[in-house]
Amino acid sequence: MSGYHRDPQHPAYWCYGGLRIQADVEVHRFVAAYASNKVGAGNSALDLASGNGALGQQLLDAGLKVACTSWDGQCELPVPIYPLNLDHVFNPDSVGGRCYNLVCAIEIIEHVENPAGFLRSCAAVLAQGGRLIVSTPNVESAAARLQWLIHGYPQIFSAEEVNSNRHISMIWRQGMDYLVRQADLEVEEKHLLGPVWGFKPPSPIKRFVYGLMQRWLSGDLMGNSRLYVLRKRDES
């Protein structure tokens, strides 16, 4: 099975080529299109914490020379795979002794103990003229705000998510802008992607409430995921 398709066992999730996508499918589509149209075939890409390799496979199909990092050994793509604990500082020596034209950190920064240090390490493995793509849950979305009101936190940062999926570092818009500056990076593009309600469509009542919130409240209420395209600060 090739291309994007619903996971037949879990219809709320998407797959690519039989590999489950552990993020919003629109984020993966964006990264694959960016890699194809703005990075280009033959250039190098590093997929951090690659999971089972769904994004790495898309980058391969876009013609890039791909390497991955993995902490759990689930990625079995025929590419260099470096075992890496992203809570620790890493540098080019950690990922094959080189820097990369494209570095992808998709739905990773909320899992690490030190988001600022993580971004600095990402910048260290970024080639001159390269780009870093980072995505993280949008905790300003209408769904997340309603969850804040009811529970006191977005559901993706509940105790269950902390303990089972290690969602430990909540990143909001102003905080992310600060972290980017601290890592000597600059924002080239910002995007809000995916449905506002996340993986599971809401009930009609919740959909109505979300619509009212989007009409009357300010901020980034649209999109389940917040995505940044970053470059090193000293680039023109």
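Which angle from 0 to 90°, rounded to the nearest 10, does the C-alpha axis of helix 25-34 make with the longest principal axis of the chain? On a 0 to 90 degree scale, this one is about 40. Electrostatic bookkeeping for G40 treats Lys and Arg as +1 and Asp and Glu as -1; over the other residues with beta carbon under 13 Å from its beta carbon, the sum is +3. Amide H to amide H distances under 5 Å link E188 with V229, L230, R231, where only residues 5 or more positions off or on other chains count and H is placed in the peptide plane. Calculate the length of the line joining the C-alpha centroid of the range 184-228 to that of the range 58-110, in whole Å. When both Cα centres are located, 28 Å separates them. Here the dipole of the chain is about 560 debye; that uses its Cα centre as origin and unit charges on the Cβ of Lys and Arg (positive) and Asp and Glu (negative).
Each listed q (0.23, 0.29 Å⁻¹) maps to a log10 I(q)/I(0) for the range 18-80, found by the Debye formula over equal Cα scatterers with no solvent: -0.92, -1.33.
Shown for the chain: lysine pairs separated by 8 or more places, or found on different chains, whose C-alpha atoms are under 19 Å apart, numbering 4. If you line up the long axis of helix 142-151 against the longest principal axis of the chain, both from Cα atoms, how many degrees apart are they, to the nearest 10? With rounding to tens, the tilt is 60 degrees. At an R0 of 35 angstrom, the distance between the Cβ atoms of R98 and H5 translates into a FRET efficiency of 0.55. Based on DSSP H segments of at least four residues, each scored -39500 (n - 2.57), the chain has a per-residue ellipticity at 222 nm of -8500 deg cm²/dmol.
For the range 137-187, the equivalent ellipsoid derived from the Cα gyration tensor has semi-axes of 24, 14, 7 Å, listed largest first. Normalised by 2.2 N^0.38 Å, where N is the number of residues, the C-alpha radius of gyration of the chain stands at 1.00. Close amide H contacts of I21 (hydrogens built in the peptide plane, cut-off under 5 Å, sequence separation of 5 or more or a different chain): W14, C15, Y16.
Here, each number is a calculation from the coordinates, and none is a lab measurement. Keep in mind that this is a model prediction, so the values were computed, not measured. Every residue, glycine as well, gets a Cβ built from its backbone with ideal geometry; the counts of neighbours run over all protein chains shown.
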